[in-house]
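Student: My questions all concern the structure below.
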Amino acid sequence: MARTLIELQDVWKIYRMDQTEVNALRGISLKFNEGDFASIQGPSGSGKSTLMHLVGCLDLPTKGRIFLDGHDISRMSESTLAQIRGKKIGFVFQAFNLIPSLSAVENVALPMIFNGIQKDKRDALAKELLVDMGLKDRLYHKPSQMSGGEQQRVAIARALGNDPDVILADEPTGNLDSSTGHHIMDILAHLYKEHKKTVIIVTHDPYIANYAHTKINIVDGQVAHDHESENRFLWKGYNGLNKKK
Ligand SMILES: Nc1ncnc2c1ncn2[C@@H]1O[C@H](COP(=O)(O)OP(=O)(O)OP(=O)(O)O)[C@@H](O)[C@H]1O
Ligand SMILES: [Mg+2]
């Protein structure tokens, strides 16, 4: 039976700014199994990126608990959080977030430094990952010398550098045309299917969301309960997909 990899228990995130408070997440309870492929949809400002940041160990919840692979990541110090993030999480962002002055190989190799991988090994692994992404002729190109789709494939290679359990992709196709976006989704689907990664994507695009086997809607900081998600998530305990694995 599939194992729960990520569990959120009544998670709140309240951003405080001067006198005002923003309730970005208001009591989210969700489970993701190992090897899930899930999409998160919802209106702008509904809390999707906030949720990804919390699951990705980039920030702490204000209230509630988050467990990642059995570790309670809702109460950890920044340094412990950073260690877990470096080992378990790979991020892919809408704006690619590559370092402009570095080549594709250097961008992919960079995060491996923090996991103590030696230079020769870093470069070899970065090249291997880029070749896997179909970029063998772009290894020494800088981001400005690549198309959006190529840059996003570099970003995916970078996310895979430390062999993370979880890939979090926040609007990974948002800056790409539709056919390039579908190519990127095919790559993410491959990571889920062949490499057994847990993949969670945020998207506004229902066609992109269709790649995922589990669809979550966030509205106003809460999981929107249509009939189906009610069955799946809270009351019976969400246990992933009808996947053949
Ligand atoms: N660092 C922050 N400080 C204060 N408020 C924030 C911060 N980050 C997000 N917010 C607010 O929290 C709410 C949720 O933001 P979030 O970025 O999670 O939304 P989103 O669903 O990702 O939206 P979009 O689809 O536009 O990316 C918004 O009202 C936003 O203004
Ligand atoms: Mg967002």
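Student: What number goes with the only condition from (1) β-branched (Val, Ile, Thr); (2) under 24 Å from residue 32 (Cα atoms); (3) modelled with pLDDT under 95 that residue 166 does not pass?
Tutor: Against the list (1) β-branched (Val, Ile, Thr); (2) under 24 Å from residue 32 (Cα atoms); (3) modelled with pLDDT under 95, residue 166 comes up short only on (3).
Student: Can you pull out the residues in segment 18-41 that are modelled with pLDDT of 95 or more and at positive phi?
Tutor: The answer is 27, and nothing else.
Student: Can you tell me how many residues in segment 1-24 are within 21 Å of residue 37 (Cβ to Cβ) and either over 19 Å from the mean Cα position of the chain (by Cα) or hydroxyl-bearing (Ser, Thr, Tyr) (or both)?
Tutor: Number of matching residues: 3.
Student: Here is a follow-up. Given the conditions (1) within 30 Å of residue 121 (Cα to Cα); (2) at pLDDT 95 or above; (3) surrounded by fewer than 15 Cβ atoms within 10 Å (Cβ to Cβ), which single one is not true for residue 15?
Tutor: In the conditions (1) within 30 Å of residue 121 (Cα to Cα); (2) at pLDDT 95 or above; (3) surrounded by fewer than 15 Cβ atoms within 10 Å (Cβ to Cβ), residue 15 misses (1) alone.
Student: All but one of (1) within 16 Å of ligand 2 (Cβ to nearest atom); (2) over 28 Å from residue 210 (Cα atoms); (3) modelled with pLDDT under 95 hold for residue 58; state the number of the condition that does not hold.
Tutor: (2)
Student: What are the pairs, 6+ residues apart or on separate chains, where a residue within segment 41-56 that is farther than 15 Å from residue 167 by Cα and in contact (Cβ under 8 Å) with a residue 12 or more places away in the chain has its Cβ under 7 Å from a residue that is more than 6 Å from ligand 1 (Cβ to nearest atom) and acidic (Asp, Glu)?
Tutor: 46/220
Student: In segment 160-173, what count of residues is obtained for those that are more than 16 Å from ligand 1 (Cβ to nearest atom), more than 13 Å from residue 132 (Cα to Cα) and not polar (S, T, N, Q)? Working first, answer last.
Tutor: Within segment 160-173, the first condition is being more than 16 Å from ligand 1 (Cβ to nearest atom), and the residues that meet it are 160-167.
Checking which are more than 13 Å from residue 132 (Cα to Cα) leaves us with 162-167.
From what is left, the residues that are not polar (S, T, N, Q) are 163-167.
Total satisfying the criteria: 5.
Student: Somewhere in segment 90-101, is a residue over 30 Å from residue 135 (Cβ atoms), aromatic (Phe, Trp, Tyr) and either in a helix (DSSP H, G or I) or at pLDDT 95 or above (or both)?
Tutor: no
Student: Of the residues 3, 16, 26, which is without any contact (Cβ under 8 Å) to a residue 24 or more places away in the chain and of a type in the set (Lys, Arg)?
Tutor: The conditions single out 16.
Student: Test each condition in (1) touching a strand residue (DSSP E or B) at 6+ places or on another chain (Cβ under 7 Å); (2) at pLDDT below 90 for residue 227 and report the one that comes out false.
Tutor: (1)
Student: Name the residue, out of 136, 127, that is part of a loop (DSSP other than H, G, I, E, B) and charged (D, E, K, R). Lay out the reasoning, then the answer.
Tutor: Working: 127 fails: part of a loop (DSSP other than H, G, I, E, B).
When all the criteria are applied, what remains is 136.
The values are calculated or read from the model by the stated rules, or taken from the named source; none is laboratory data. Just so it is clear, the model here is predicted, and its values are computed rather than measured. For neighbour counting, all protein chains shown are included, and Cβ atoms are generated from backbone atoms with ideal geometry for every residue, glycine included.
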